[in-house]
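Read through the structure below, which is laid out as structure tokens, and then see the notes.
The values are calculated or read from the model by the stated rules, or taken from the named source; none is laboratory data. Since we're looking at a predicted model, the values are computed, not measured. So basically every Cβ, Gly included, is an ideal-geometry build from the backbone, and we count neighbours across all protein chains shown. Heads up: the accessible areas ignore ligands, DNA and RNA and are worked out on the full protein's heavy atoms, side chains in. Shrake-Rupley method; radii C 1.70, N 1.55, O 1.52, S 1.80 Å.
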Amino acid sequence: MIFRNVIYFIFSPFCRRDYDRFGIDIVKKSGFKVDVWDLTPIFDEEVYKITKVPDPIDYKSSNCKLFLNKADFHREVRKISRGSLVITMFGIDYKTYFLYKELSKSGVSYALFLANAIPLCRDTINNYS
């Protein structure tokens, strides 16, 4: 598949640091349309309410959409074109299951970015069971 759009899904308030570390300018210069979906209020409304980023960014000029509830998220996911690649900045667990289920149903291609992920060895997993 040839992708024309890249959509980043994030779960912490979007800021200039994120814009730079995601390489959004580089991706745009490579010819892609880039959007950022800030899902912070869906995952942790309290974090959304109290967090003040030190380097705020204008959401409109950076193509960032803020999602306040799951219904809006579900509606917008269904509108994502097949020529898009979604990059999520979080793993799969009980809190994010709805998101990956919706992406899978929609047929949109997606990738997980898990920096600094630490794999669990089998002994550690067995201790949790």
Do we find a residue being out of contact with any strand residue (DSSP E or B) (no Cβ under 9 Å at 6 or more places or on another chain) and on the phi > 0 side of the Ramachandran plot anywhere in segment 14-24? yes
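Which members of segment 40-65 meet the condition of being of a type in the set (Phe, Trp, Tyr) and touching a residue at least 40 places away in the same chain (Cβ under 8 Å)? Quick ask: steps written out before the conclusion?
Within segment 40-65, the subset of a type in the set (Phe, Trp, Tyr) is 43, 48, 59.
Across segment 40-65, the qualifying residues are 43, 59.
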Would you mention how many residues in segment 37-68 are open to solvent by 60 Å² or more (accessible area, probe 1.4 Å), farther than 14 Å from residue 19 by Cβ and either among the small types (Gly, Ala, Ser) or part of a loop (DSSP other than H, G, I, E, B) (or both)? 3
Residues that are among the polar types (S, T, N, Q) and in contact with a Leu (Cβ under 7 Å, 6 or more places away or on another chain), drawn from segment 47-90: 88
Which of the residues belonging to segment 8-36 are open to solvent by 10 Å² or more (accessible area, probe 1.4 Å), closer than 21 Å to residue 72 by Cβ and either assigned to a strand (DSSP E or B) or charged (D, E, K, R) (or both)? 8, 33, 35
